[in-house]
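Take a look at the structure set out below.
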Amino acid sequence: MKITIGSRGSDLALWQAHFVTDQLTALGHEVVLKIIETKGDRIQDLSFDKIEGKGFFTKEIEEALLNQSIDLAVHSHKDLETTNPEGLIIAAVSYRENPTDQLLIRKECLDPSKPLNVKKNAIIGTSSARRKSQVIRMREDIELKDLRGNVPTRVDKLRKGQYDAIILATAGLKRLKLDLSEFETFELDIRNFVPAPAQGVLGLQIREADTALYDVLQNINHPQVSEAIKIERDVLRLLQGGCQLPLGVFAEHVEDQWHIHVSFASDKDEAAHVSVYESPSQEGMAELIVEDLQDAED
């Protein structure tokens, strides 16, 4: 089968597309890669909450699927809306890379005596409402400054001294194998700093009617990952949130028990509340969590 993959052109997006390409090629399929620029790629001078609309990094790629100029879209799953456009489905998900966040600190800004290991009144770069609310929870003195651009660009901004520290997803840093030796790096504990729903997972999106491709993709699907991120994304969906909701959810299945870590704030400028839920079944867990979060807000 010949399969045309649509992808953004950033280094990380291309890594993701090539990763899926290699898997499909190994199964005997011919794969063509098509680069698609998204709204999020074009607008680099605004924070996400100031950009109109949703799906900053996905809308144009989904449109290419619907108009049949591509067959398969490879997304960072956490960038996707919780509801697919009509006619599209997530046919498969990848393995989950390390889902944590990583704090990169300029060495002269290090202070191991303080939470987050960064000096007093440090400037930390992130455009994520989720990360902002969790930093505020841990350190009220920190100045938060928006950070845009692809992963190497963000690291370069730290290198040039525009920030004292920045927060990035560990998954992207691992996949790109960037040299970070000039910085102090700290992997943030999931129990204290909760990742975005589906962080570290790739979502493989196709047209719902394309059943032959769906069957092909089951060969590279990871059902256990899909189970975990369903809980995470159901919480996001029930809260009617997008990527700019100050929400972190991470679900893991350990010894027949689900452990679901949640971080939530009603606003990115407020300190997040972090909690953990446990259940032997995922059934109804998202609804229970959302009800609990909403009761806490009232």
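The values are calculated or read from the model by the stated rules, or taken from the named source; none is laboratory data. Predicted, not measured: the structure shown is a model, and the values here were computed from it. As a convention, Cβ positions derive from the backbone with ideal geometry for all residues, glycine included, and neighbour counts pool all protein chains shown.
Things to note:
- First in the range 104-119 and farther than 23 Å from residue 174 by Cα and touching a residue at least 40 places away in the same chain (Cβ under 8 Å), second anywhere and β-branched (Val, Ile, Thr) and surrounded by 12 or more Cβ atoms within 10 Å (Cβ to Cβ), Cβ under 7 Å, 6 or more apart: 109/118
- Hits in the range 37-61 - residues which are farther than 23 Å from residue 96 by Cα and either modelled with pLDDT of 95 or more or hydroxyl-bearing (Ser, Thr, Tyr) (or both): 38, 47
- Check on residue 136, farther than 30 Å from residue 65 by Cβ and touching a Cys at 6+ places or on another chain (Cβ under 9 Å): no
- Here residue 139 meets the list (1) closer than 24 Å to residue 263 by Cβ; (2) within 17 Å of the chain's Cα centre (by Cα) almost entirely, failing just condition (2).
- Test for residue 251: is it in contact with a Gly (Cβ under 8 Å, 6 or more places away or on another chain), modelled with pLDDT of 95 or more and closer than 23 Å to residue 74 by Cα: no
- Residues located in the range 120-139, provided they are among the small types (Gly, Ala, Ser) and in contact (Cβ under 8 Å) with a residue 60 or more places away in the chain: 127, 128, 129, 133
Residues checked against (1) over 22 Å from residue 99 (Cα atoms); (2) loosely packed, with under 14 Cβ neighbours inside 10 Å; (3) more than 15 Å from the chain's Cα centre (by Cα):
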| position | (1), (2), (3) |
| --- | --- |
| 150 | no, no, no |
| 161 | yes, yes, yes |
| 164 | yes, no, yes |
| 170 | no, no, no |
| 178 | no, no, yes |
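- Filtered residues of the range 59-93 (kept if within 13 Å of the chain's Cα centre (by Cα), of a type in the set (S, T, N, Q) and in a loop (DSSP other than H, G, I, E, B)): 82
- The condition (being in contact (Cβ under 8 Å) with a residue 12 or more places away in the chain and either over 30 Å from residue 142 (Cβ atoms) or of a type in the set (Phe, Trp, Tyr) (or both)) is satisfied by just one residue among 249, 235, 201, 216: 216.
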